[in-house]
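Notes follow once the structure below has been shown.
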Amino acid sequence: MSGDAGCTTLSDAWAFAVLVWQTLTLTHPFVGDLVDGGEPELEEEAFAGRLPWVRHSTDARNVCTSGLPPELVLAGRLIELARRTFEEGVTDRQRRPGVAEWVDRLHAAADQTVACPGCAGTYFVTEAACPWCDDPRPSVVPVRIERWHPGKGLIEGAVRLGQLPLTAEGLVLRLRITRGVPGVTGRQPHLELRLVERGIQVRTMPGFEARVAPIARAHEEQHLVSGRGRVVPANGWMVLFEEPGQPQRVAVLGRRA
Ligand SMILES: [Zn+2]
C-alpha cells in the first residue's frame, strides 16, 4: 500500500493482521474517527500506514469509537500481536508477527470462548454474562490439559497447557490440543466431551481411541473409549489420549476430587 516494498511473507503477515482486526472488530485498524470523518485522501495515507493505527500506544489521533470493542472480540494477546504489527511493524517489517503466530493465538483465544444459549453468539468465558444479549453465562465444567507420565502420574509444575470450558453444548478436543499437532492436521477432532445426567460422556471420533481413568488410580484402572462413548463421573477422572505406557497429554475433568 505504501509502494516502497514488494510482496513478501511480511506483507502477507500485514494483510492477515488487517483481515483479523477487520473481521473481529468490524473496523479497519487504520480507519479511526480521524480518517472516517476526513478527506478521502486521508484514507490512502491510513492504508499505507502513514497515520497511527486506532490503538496506538502513544498517539491517540486516530482512535476509533465505532465497531466492536477489541477487548470483547480479541484476547489481550491478539491485541498485542496487532500492536506489534501496526506500530513497530510499520517501518520494521521484521518485527511483524508471522501468520503462524496469529493462527496459534487465534486458536488459543477461540478455546477460551463459550456459546450463549440465548443468542448463539460466542464470548470469552471470563465474562459473567453474554455481552451481546446479557444472558448469564452458562455453567462451565473446567477441562484442564496437563502432562501425565506412566509411573509418575500427573506432572506437577509442568508448563500450563491450558484450561477449556465444557458447557451443555459439549466440547470437541482436536489433535492440536490432545497431541499438540501443529498446522491443518491439528484441526482434526479426536474426541468429544458431553455433559450428561450421570457425569461426562467421552466419545472418540472414527479412527481414534482414548482411555478414561480415575486420577487417583490411573495406573491400575483404565477403560478404553470408542465411538459408542463412555460416561465417567464429572469430577476426579481424566482422559488419556495415547497408549497408557507412554508420557502424554491428558484432560483432567472437573475438580480433582
Ligand atoms: Zn447472548
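The values are calculated or read from the model by the stated rules, or taken from the named source; none is laboratory data. Given the structure is predicted, the values throughout are model-derived calculations rather than measurements. For neighbour counting, all protein chains shown are included, and Cβ atoms are generated from backbone atoms with ideal geometry for every residue, glycine included. The protein model used for the area step is the full one, side chains on, heavy atoms only, and it has no ligands, DNA or RNA in it. Shrake-Rupley method; radii C 1.70, N 1.55, O 1.52, S 1.80 Å.
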Single condition GLY162 does not satisfy, out of (1) exposed (fewer than 14 other Cβ atoms within 10 Å of the Cβ); (2) of a type outside the set (D, E, K, R); (3) over 21 Å from the mean Cα position of the chain (by Cα); (4) within 30 Å of GLY118 (Cβ to Cβ): (3)
Out of the range 202-220, which residues are among the acidic types (Asp, Glu) and either in contact (Cβ under 8 Å) with a residue 12 or more places away in the chain or surrounded by 17 or more Cβ atoms within 10 Å (Cβ to Cβ) (or both)? GLU209
So which pairs qualify, if the first residue must be in the range 6-35 and on the phi > 0 side of the Ramachandran plot, the second must be outside any helix (DSSP H, G or I), the Cβ gap must be under 7 Å, and the two must be at least 6 apart or on different chains? LEU26/GLY67; LEU26/LEU68
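For every residue, the table says whether it meets (1) touching a residue at least 60 places away in the same chain (Cβ under 8 Å); (2) away from the ligand (no atom under 16 Å from the Cβ).
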residue	(1), (2)
ALA115	no, no
CYS119	no, no
ALA128	no, no
TRP132	no, no
PRO138	no, no
VAL143	yes, yes
TRP148	yes, yes
LEU154	yes, yes
GLY157	no, yes
Every residue from the range 70-93 that is in contact (Cβ under 8 Å) with a residue 12 or more places away in the chain and open to solvent by 40 Å² or more (accessible area, probe 1.4 Å): LEU72, ARG77, ARG83, ARG84, VAL90, ARG93
Please list, ordered by residue number, the helices (runs of 4 or more DSSP H) wholly in the range 1-91 having 3 or more residues that are under 20 Å from ARG105 (Cβ atoms). 9-25, 70-73, 76-83
Here are the criteria: (1) more than 16 Å from the ligand (Cβ to nearest atom); (2) surrounded by 16 or more Cβ atoms within 10 Å (Cβ to Cβ); (3) modelled with pLDDT of 95 or more. Tell me which single one HIS223 does not satisfy. (2)
